[in-house]
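Taking it in order: structure first as structure tokens, then the write-up.
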């Protein structure tokens, strides 16, 4: 059984889909949630599923290194197999990245390596896809490293881009597959179809 921790900044929709899948039989347990925005609805979702919840941000720890230490310290308590980022909008620090190397997953709203990197998130990604007249987009689950969206891609799901799509409609198409893709990726890790480097 995989032991999971989560981090999110806003709604945590991917986290919610995974938590629902665990209730429906996914062989994992969710134990801890860290959010950097104490007013986000992700806290309500995490509490609803009885995760231990922690607010850690630049407000609680103005010094970035102290914040990194605090995040890592809390996560270490839970002996996590994987840390799942669900719309966590801050870059993780080197202490946490080293401690959980190859065990932090993120989901990105494009078919990486297309439209990844610093500053490429949310609607900026969808706008770039439309501006380039691309025929398809999608979502990618990847390993988090110290470079934005540069870690190994574990799994992808494609959506077709219609010539009439707008940023709003494309966002909804991609959002519709993100949670399922996350669950599928975790299932493949559990089943041994995806092997994570040690």
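FYI, it's all coordinate maths here, none of it is from the lab. As the structure is a computational prediction, the values presented were derived from the model and not from experiment. Neighbour counts are summed over all protein chains in view; Cβ atoms, including those assigned to glycine, are modelled from backbone coordinates with ideal geometry.
Restricting attention to the stretch 81-90, the residues that are part of a loop (DSSP other than H, G, I, E, B) and either over 25 Å from residue 18 (Cα atoms) or under 14 Å from the mean Cα position of the chain (by Cα) (or both) total 5. Each residue in the stretch 24-45 was checked for being without any contact (Cβ under 8 Å) to a residue 12 or more places away in the chain and more than 23 Å from residue 192 (Cβ to Cβ), and 2 of them qualify. For the stretch 165-179, taking the residues that are out of contact with any strand residue (DSSP E or B) (no Cβ under 7 Å at 6 or more places or on another chain) and part of a helix (DSSP H, G or I), the one that is farthest from residue 127 (Cα to Cα) is identified as 179.
Among the residues of the stretch 91-100, those identified as part of a loop (DSSP other than H, G, I, E, B) and either in contact with a strand residue (DSSP E or B) (Cβ under 9 Å, 6 or more places away or on another chain) or crowded, with 20+ Cβ neighbours inside 10 Å (or both) are 92, 100. Exactly one residue out of 4, 75 is touching a strand residue (DSSP E or B) at 6+ places or on another chain (Cβ under 9 Å), in contact (Cβ under 8 Å) with a residue 40 or more places away in the chain, part of a strand (DSSP E or B) and buried (at least 20 other Cβ atoms within 10 Å of the Cβ): that is 4.
The set of residues in the stretch 187-198 being assigned to a helix (DSSP H, G or I) and surrounded by 14 or more Cβ atoms within 10 Å (Cβ to Cβ) consists of 187, 188, 189, 190. Restricting 123, 184, 146, 165 to those that are closer than 19 Å to residue 3 by Cα and either in contact with a helix residue (DSSP H, G or I) (Cβ under 8 Å, 6 or more places away or on another chain) or buried (at least 16 other Cβ atoms within 10 Å of the Cβ) (or both) reduces the list to 184.
Does residue 104 meet the test of being farther than 26 Å from residue 193 by Cβ and surrounded by 15 or more Cβ atoms within 10 Å (Cβ to Cβ)? The answer is no for residue 104. Taking residue 16, is it more than 12 Å from residue 88 (Cβ to Cβ), in contact with a helix residue (DSSP H, G or I) (Cβ under 7 Å, 6 or more places away or on another chain) and either without any contact (Cβ under 8 Å) to a residue 40 or more places away in the chain or buried (at least 16 other Cβ atoms within 10 Å of the Cβ) (or both)? Answer is yes for this residue.
Any residue that is out of contact with any helix residue (DSSP H, G or I) (no Cβ under 6 Å at 6 or more places or on another chain), surrounded by 17 or more Cβ atoms within 10 Å (Cβ to Cβ) and in contact (Cβ under 8 Å) with a residue 60 or more places away in the chain - is there at least one of those in the stretch 46-60? No: zero hits. Pick out the one residue from 69, 10 that is over 26 Å from residue 188 (Cβ atoms) and not in a helix (DSSP H, G or I). Testing whether each residue is over 26 Å from residue 188 (Cβ atoms) and not in a helix (DSSP H, G or I) leaves just 10.
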